[in-house]
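Everything below concerns the one structure shown next.
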Amino acid sequence: MVNCSISARSISARTFRNAGFVVALGAVALTGCTQYIKRDEFDATVAELRATDGKLQSQLDALSQKHDALVTQLAGRTRVDTAAHFATNDATLSEQDKPLLDDFARVIRDSHSQAVITVEGFADPSGSATHNRRLGLNRAQSVRDYLVSAGLSDQQVRAVSYGEDKNRQVHKGAVGEAGQANRRVSLVVDYAGPRTDAQQQATASL
């Protein structure tokens, strides 16, 4: 058995890239501060968190193959790029983007019900910076509202806007038809969360 103060230091020393690991492992350390933490319990928790994150990544990779989307892993955050595109100066979600969002919501709802999702909205630079920041937020909120209507909790999905941020433009300075990739929404899984009961039951039945 390891004293809790030692466990806390070893947790912070480990280089976990996934933010979810850091949050969850921090909780493990804090809850153990009034008692000893068993090494096998600690290792089991780490293994479960890694398995959960890996499961989510494989599920989103499957979505990438099914839909015209790109799934990447950046700084421990799983990103689904090109989740939706928009017409110039418009925040209306198109019908062609809904199947991907439906599948994404199903994966999160059924297997990662405690996941934290950030919807990022973007705009091309055809308007003022202030207008484009507001337009990007309207686009993100449009997608957020759709995900909530598809069964996700409104507490786990948040919307942010990067507007016409030059560092986030796919095609620098492009507008109109050439700038379609700049008028988009991306989905970021900030925290995959622990496995849900449905996942555990499915694993137990194997």
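The values are calculated or read from the model by the stated rules, or taken from the named source; none is laboratory data. As the structure is a prediction and not an experimental result, all values here were calculated from the model. A quick note on method: Cβ atoms are made from the backbone with ideal geometry, for glycine too, and the neighbour counts reach across all protein chains shown.
Results, tabulated for the structure shown:
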item	result
Breaking point among (1) touching a Phe, Trp or Tyr at 6+ places or on another chain (Cβ under 9 Å); (2) modelled with pLDDT under 95; (3) in a loop (DSSP other than H, G, I, E, B), for Thr92	(2)
Lone qualifier among Leu135, Leu147 - being among the hydrophobic types (A, V, I, L, M, F, W, C) and in contact with a helix residue (DSSP H, G or I) (Cβ under 7 Å, 6 or more places away or on another chain)	Leu147
Count of residues meeting criterion [over 20 Å from Ser94 (Cβ atoms), at pLDDT 95 or above and of a type in the set (Phe, Trp, Tyr)] in region 144-191	1
Looking only at region 129-146, and only at residues there that are touching an Asp or Glu at 6+ places or on another chain (Cβ under 9 Å) and of a type in the set (A, V, I, L, M), the one that is surrounded by the fewest Cβ atoms within 10 Å (Cβ to Cβ)	Ala129
Any hit, region 108-124, residues being at pLDDT below 85 and either assigned by TED's automatic domain parsing to the domain that holds Val175 or outside any helix (DSSP H, G or I) (or both)	yes
Single residue of region 69-85 satisfying the filter (at pLDDT 80 or above and in contact with an Asp or Glu (Cβ under 9 Å, 6 or more places away or on another chain)) that is surrounded by the most Cβ atoms within 10 Å (Cβ to Cβ)	Ala84
